[in-house]
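Only the coordinates and a few stated rules stand behind these numbers; no lab work does. Computed from a prediction, not measured in an experiment: that's the story for all the values here. Counting neighbours? That spans all protein chains shown, and the Cβs are built from the backbone with ideal geometry, glycine included.
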Amino acid sequence: MSNFWLFKTEPRSYSYDQLERDGSAVWDGVRNNLALMHLRAMKSSDRVMIYHSGAVKEIVGLARLTSKAYPDPKLTDPKLVVVDLSPIGRLPKPIPLAEVKGEPALQDLALVRMTRLSVMPVTAAQWERLLAMSGSTQAKPA
């Protein structure tokens, strides 16, 4: 069974468009202990929503993990881990943060409660609701 996640990125640093151009990416740069704990819980085939932070503040696309967490090969600290992911596709309609915050079914989503966290879990029910808000025809969570 897949798990669901949300990754935040500043589009000036690394955007969903860049992920699509690259075809895959190593998701690195995570330093927060809770976010690192979430990375360590991930497995290959888990699905991810990509959220653009900064001026935009909206969920823009879907991705799939292609690896479980492993030590960042650029660093010597084994506590700092990365994952690999590839794009699935852009959402038909981006979901602005204001809409997420205004949706009663999403009040427990970490994006609403822990605004600075860069990597967070999403429940299957939250995932389905977010897909519906985007107008996506993606299959329901497995």
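Annotations for the structure displayed:
- Distance from the Cα centroid of region 69-142 to that of region 1-38 is 9 Å (rounded to whole angstrom).
- Between GLN107 and LYS68, the distance separating the two model label sites (each 7 Å from Cα on the Cα→Cβ line) works out to 3.7 nm.
- Scaled radius of gyration (Cα, divided by 2.2 N^0.38 Å) that region 76-131 gives: 1.37
- What the phi angles of region 18-33 give under the Karplus curve with 6.51, -1.76 and 1.60, with θ = phi - 60°, is a coupling list of 5, 4, 5, 5, 6, x, 6, 7, 8, 8, 10, x, 7, 10, 5, 4 Hz, glycine and proline written as x.
- The length gained by stretching the chain between SER44 and THR137 to full extension, at 0.36 nm per residue less their Cα-Cα distance, is 31.2 nm.
- Under the simplified labelling scheme, the LYS93-GLU10 pair shows an inter-label distance of 3.0 nm, with each label point 7 Å from Cα along Cα→Cβ.
- Total lysine pairs whose alpha carbons fall under 18 Å of each other in the chain (8 or more apart, or interchain): 10
- Each peptide in 45-56, 86-97, 67-78 was scored by the mean count of other Cβ atoms within 10 Å over its residues; highest first, the order is 45-56, 86-97, 67-78.
- Cα pair distances in the chain, grouped into 5 Å bins until the bin that holds the longest one, percent each: 2, 10, 21, 25, 23, 13, 4, 2, 0
- Degrees separating the helix 124-134 axis from the principal Cα axis of the chain, which is the longest one: 60
- Computed over the chain, relative contact order equals 29 percent, with contacts defined as Cα pairs under 8 Å that lie 6+ residues apart.
- In the chain, the DSSP beta bridges split such that about 80 percent are antiparallel, to the nearest 5.
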